[in-house]
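Quick notes on the structure that follows.
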Amino acid sequence: MPEAKVHELTLYVQSRKVVTSFFRPAVRSGGGASVEEGLTADLSRPPARDSVASRSGDEAFFLSDDQARCVALTEELALKRGYTIKVVDIAKAGRFERLVAERLRGVQNFPVLTGSGDQRLEGVEAFSEEHLCEMMPAEMPTQRAYTYLKIRGGDLDRIKELLLTLPEVREMHLLTGDWDVFVVLEFDPTRAKKRQVLDFVTERIRGIPEVLDTSTLVPEYTVTKFPF
């Protein structure tokens, strides 16, 4: 099985700048931060209250609700799929226009999610669960197996009902050709290895009188772009 890797994506957002007498943006300590770290927005916490700022007024940055929702959805799915998300607010770029321009060439709408390749999501409408999962292919959290069935002629509705009552059967497809039915099985990977999967097929599925024969594939490793 391939060694687990740490995957990081960058999510660019564009906040709105306002002048406020309430809050002052949080100040990052330390002088060793890189240019890109200087652009990274801490969007989960409100700016800290400061007595000096309340007297003189100061700049603060706020995300629109639609962009904030995209950030929340992206971070939620990334956590499930083993990715880390670095959020960069381009409204704070200021003197770093060249860096931002190189990373976001041709972008018209924010937020924008980028990875190591050319694929990216742009604009609020693109941030759906389906599109985010395509950007973050992940190892399956369950053990899946795929079984072909040869069926003796009989009551197809009864066979379908018997198969679908088994919790391990996740999908059932009728075929034409050498095999009659294709079944997708799903198991808890901590309890079901290859032998246990095959035991289930031979004991439970082939125990159905109309099932004449089976052929089962048990993948050694699986990556998916589908939500789970």
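The values are calculated or read from the model by the stated rules, or taken from the named source; none is laboratory data. This one's a predicted model, so the numbers in the text were calculated from it and none came from an experiment. Ideal geometry is used to build each Cβ from the backbone, glycine not excepted, and the neighbour counts take in all protein chains shown.
The criterion of at least 3 residues that are surrounded by 13 or more Cβ atoms within 10 Å (Cβ to Cβ), over 25 Å from the mean Cα position of the chain (by Cα) and of a type outside the set (Gly, Ala, Ser) is met by the following strands (runs of 3 or more DSSP E) wholly inside the stretch 135-228: 143-151, 181-187, 211-217. Restricting Glu210, Glu203, Glu129, Glu161 to those that are closer than 30 Å to Thr74 by Cα and charged (D, E, K, R) reduces the list to Glu129.
Of the residues in the stretch 156-179, at least one is free of Cβ contacts under 8 Å to residues at least 24 places away in the same chain, of a type outside the set (S, T, N, Q) and either touching a helix residue (DSSP H, G or I) at 6+ places or on another chain (Cβ under 6 Å) or under 18 Å from Arg81 (Cα atoms) (or both). Within the stretch 76-90, if we keep just the residues that are surrounded by 17 or more Cβ atoms within 10 Å (Cβ to Cβ) and not hydroxyl-bearing (Ser, Thr, Tyr), the residue that is farthest from Tyr12 (Cα to Cα) turns out to be Arg81.
The residues in the stretch 145-191 that are in contact with a Ser or Thr (Cβ under 8 Å, 6 or more places away or on another chain), closer than 18 Å to Leu217 by Cβ and charged (D, E, K, R) can be counted, and the count is 2.
Taken over the stretch 52-69, residues that are out of contact with any strand residue (DSSP E or B) (no Cβ under 9 Å at 6 or more places or on another chain) and modelled with pLDDT under 95 amount to 2.
Yes or no, residue by residue, for (1) more than 30 Å from Val71 (Cα to Cα); (2) modelled with pLDDT of 90 or more:
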| position | (1), (2) |
| --- | --- |
| Pro137 | no, yes |
| Leu156 | yes, no |
| Leu162 | yes, yes |
| Thr165 | yes, yes |
| Ala192 | yes, no |
| Val197 | yes, yes |
| Arg204 | yes, yes |
| Gly207 | yes, yes |
| Val218 | yes, yes |
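β-branched (Val, Ile, Thr) and within 19 Å of Asp213 (Cβ to Cβ) - does that describe any residue in the stretch 188-195? Among the residues of the stretch 188-195, not one is β-branched (Val, Ile, Thr) and within 19 Å of Asp213 (Cβ to Cβ), which makes the answer no. Among the candidates Arg158, Arg120, the residue that is more than 30 Å from Lys193 (Cβ to Cβ) and outside the structural domain of Ala78 (by TED's automatic domain parsing) is uniquely Arg158.
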